[in-house]
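Here the structure is laid out as structure tokens; the discussion comes afterwards.
Values in this text are rule-based calculations from the coordinates and carry no lab data. Values in this document were obtained by computation on a predicted structure and should not be read as measured data. A quick note on method: Cβ atoms are made from the backbone with ideal geometry, for glycine too, and the neighbour counts reach across all protein chains shown.
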Amino acid sequence: MLISRTVARKRIAAGHRPTRRAAWLLVLADAVIIGLLLAALWMPAVTVTYVMHMSLIWTILFLMVVIYVPAQIVLIISTLWAVKSRWEEEDPQ
């Protein structure tokens, strides 16, 4: 979503179809970037759960909203752009 969307839009506009490796390396780059960002947020998020004395269910829900959901959104959107950049219309006959 971060890198793959930008590069995929440029490739689509230029009419260039990337290789499988070129398209999916961008998704991997997005995964690494979001992983590093969420790793930086991990300890502050856990500290909030300790300070707020959250129960187990609220801790799980909080961490899902702060860590899991953003990661899934970025990876899904990056994957969609990778597939879209590789899509090739077939000529109807």
Problem set entry | Of (1) 18.0, 65; (2) 12.5, 36; (3) 13.1, 40, the label for Rg and Dmax of the Cα atoms in Å derived from the coordinates | (1)
For this session: Would you mind counting up the charge near THR79? Only other residues with Cβ under 12 Å from its Cβ, with Lys and Arg at +1 and Asp and Glu at -1.
Result: +2
Exercise. To the nearest 500 deg cm²/dmol, what mean residue ellipticity at 222 nm is calculated for the chain from DSSP H runs of n ≥ 4 alone, each contributing -39,500 (n - 2.57), summed and divided by the residues?
Worked result: -25000 deg cm²/dmol
Problem set entry | Candidates ALA45, ALA82, ALA14: whichever shows maximal mean-square fluctuation once the chain is modelled as a Gaussian network with Cα springs under 10 Å | ALA14
For this session: Please give the helix 20-51 orientation as an angle from the longest Cα principal axis of the chain, in degrees from 0 to 90, rounded to the nearest 10.
Result: 10 degrees
For this session: Rounding to the nearest 20 debye, state how big the charge dipole of segment 4-86 is about its Cα centre with +1 on each Lys and Arg Cβ and -1 on each Asp and Glu Cβ.
Result: 740 debye
Exercise. When the Karplus curve 6.51 cos²θ - 1.76 cosθ + 1.60 is applied with θ = phi - 60°, which whole-Hz ³J(HN,Hα) does each residue of segment 72-80 get, with x for Gly and Pro?
Worked result: 5, 4, 5, 5, 5, 5, 4, 5, 4
Exercise. Using a Gaussian network model of the chain with C-alpha springs under 10 Å, which one of VAL66, VAL51, VAL83 is most mobile by mean-square fluctuation?
Worked result: VAL51
